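> One structure is given below, represented as structure tokens, and several questions about it will come after.
The values are calculated or read from the model by the stated rules, or taken from the named source; none is laboratory data. None of these values were measured; they are calculated from a predicted model. When we count neighbours, we look across all protein chains shown, and the Cβ atoms used for this are built from the backbone with ideal geometry, even at glycine. In case anyone asks, the SASA skips ligands and DNA or RNA and just uses the protein heavy atoms, side chains included. Shrake-Rupley method; radii C 1.70, N 1.55, O 1.52, S 1.80 Å.
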Amino acid sequence: MTGGNGFAGSHLIEHLLAFEPALAAWSRPGGVQPEDEQRVHWRRVDVLDRADVAAAIAELRPAVIYHCAGAADVGGSWSNPAVPLRVNALGTHHVLDGVRLAGLACTVLVTGSALVYRPSLEALTEASAIGPTSPYGLSKLAQEMVAARATWCPTLLTRSFNHVGPRQSPAYATSNFARQIAEIEAGIREPVIRVGNLDSRRDISDVRDTVRAYRALVERGRPGVPYNVCCGRAYRVGDLLDVLLGLARVAVSVERDPRLMRPSDNPVLLGDPSRIAADTGWQPVIPIERTLSDLLEFWRRRAGA
């Protein structure tokens, strides 16, 4: 697995270890190395280093690769668009080319994004129009195109919608809300939450459901066919904040912060999960209330609240 010390990657490791005796995981150079786990073989690999990637794959000779490494900061992609393009597109090319150079035909799951779609107020299917509106979305479209052309191995393609849960970066709205509440409770922040656009509606799944979908696709998905990974329900961001505020142990006020507004923010991002449900039987099972509660508890532990 690439990106093993990332948000989704760390949850995927926990999920896979319930079924596999051992696995190998890559972490990025300079990143925080996760605690040693006897059944996980860790290796620092830079996906932008073609030779390093090829050597690691040739040595490991994996049967399956979950490619979770990537640059995932949508808002940050506007200030430095070269980063997601290099990491997501070129990094994926290096992984797939490493498989080719090793003479392998292993299955590779490439975790993509729903932000490859053209904005729409309707539920998006895999046949919906493509048209990314951010540098990040463009990089994920390039990644998908690279993966679709890897004829030497079966590639499974996801178009993952928003997924949240413990360990998520505070660069994302719900995680940022939860962190602010936890720090307010701990007395290290004034009792004010600063927010951006609260009216956007997003199809959001628990990250633990999302990684279950990844394993289901490896087992039963069709190579070369993109799959929406989503719940099929769009939540208003402000309503998610209200749930978190209802869990807060202290009174908290809310203030709008123009600095938190994105240059481009689709009003609705809603997916249709019919294809993945039909092909794999997967469906999300964790209610959003539990997701938000677990997320807040994660930040409370970090803040010492």
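> Only residues in region 241-258 that are closer than 15 Å to Arg179 by Cβ count as the first member; pair them with residues that are part of a loop (DSSP other than H, G, I, E, B) and not hydroxyl-bearing (Ser, Thr, Tyr), Cβ under 7 angstrom, at least 6 apart or cross-chain, and list the lot.
Leu241/Leu198; Leu245/Val252; Val250/Pro191; Val252/Pro191; Asp257/Gly196
> Ok, one more. Of the residues Val207, Val254, Val229, only one is among the β-branched types (Val, Ile, Thr) and open to solvent by 20 Å² or more (accessible area, probe 1.4 Å); which?
Working: Val207 fails: open to solvent by 20 Å² or more (accessible area, probe 1.4 Å); Val229 fails: open to solvent by 20 Å² or more (accessible area, probe 1.4 Å).
Answer to the selection: Val254.
> Within the bounds of region 58-66, is there any residue that is part of a helix (DSSP H, G or I), open to solvent by 50 Å² or more (accessible area, probe 1.4 Å), of a type outside the set (Asp, Glu) and modelled with pLDDT under 95?
Looking for residues that are part of a helix (DSSP H, G or I), open to solvent by 50 Å² or more (accessible area, probe 1.4 Å), of a type outside the set (Asp, Glu) and modelled with pLDDT under 95, one finds none in region 58-66, hence no.
> Test each condition in (1) in contact with a strand residue (DSSP E or B) (Cβ under 8 Å, 6 or more places away or on another chain); (2) open to solvent by less than 20 Å² (accessible area, probe 1.4 Å) for Ala216 and report the one that comes out false.
Of the numbered conditions (1) in contact with a strand residue (DSSP E or B) (Cβ under 8 Å, 6 or more places away or on another chain); (2) open to solvent by less than 20 Å² (accessible area, probe 1.4 Å), the odd one out for Ala216 is (1).
> A further question on this structure: So, Asn266, is that one assigned to a strand (DSSP E or B), surrounded by 12 or more Cβ atoms within 10 Å (Cβ to Cβ) and either in contact with an Asp or Glu (Cβ under 8 Å, 6 or more places away or on another chain) or at pLDDT below 95 (or both) or not?
For Asn266, the condition - assigned to a strand (DSSP E or B), surrounded by 12 or more Cβ atoms within 10 Å (Cβ to Cβ) and either in contact with an Asp or Glu (Cβ under 8 Å, 6 or more places away or on another chain) or at pLDDT below 95 (or both) - is not met.
> Here's a follow-up. Looking at the structure I just gave you, is His94 open to solvent by less than 20 Å² (accessible area, probe 1.4 Å), in contact (Cβ under 8 Å) with a residue 60 or more places away in the chain and under 22 Å from the mean Cα position of the chain (by Cα)?
The answer is no for His94.
> Let me ask something else. Would you point out the residue of region 137-178, among those that are in a loop (DSSP other than H, G, I, E, B), within 18 Å of the chain's Cα centre (by Cα) and of a type in the set (A, V, I, L, M, F, W, C), that is surrounded by the fewest Cβ atoms within 10 Å (Cβ to Cβ)?
Only one residue fits best here, namely Ala171.
> With the structure loaded, tell me whether Arg290 is open to solvent by 70 Å² or more (accessible area, probe 1.4 Å) and either touching a residue at least 40 places away in the same chain (Cβ under 8 Å) or of a type in the set (Asp, Glu) (or both) or whether it fails that test.
Taking the combined requirement at face value, the residue satisfies it.
> Are there any pairs, at least 6 apart or on different chains, whose C-beta atoms fall under 6 Å, with the first in region 126-139 and within 12 Å of Gly112 (Cβ to Cβ) and the second of a type in the set (Ser, Thr, Tyr) and buried (at least 18 other Cβ atoms within 10 Å of the Cβ), and if so, which?
Sorted first by the residue in region 126-139, then by its partner, the pairs are Tyr136/Ser77.
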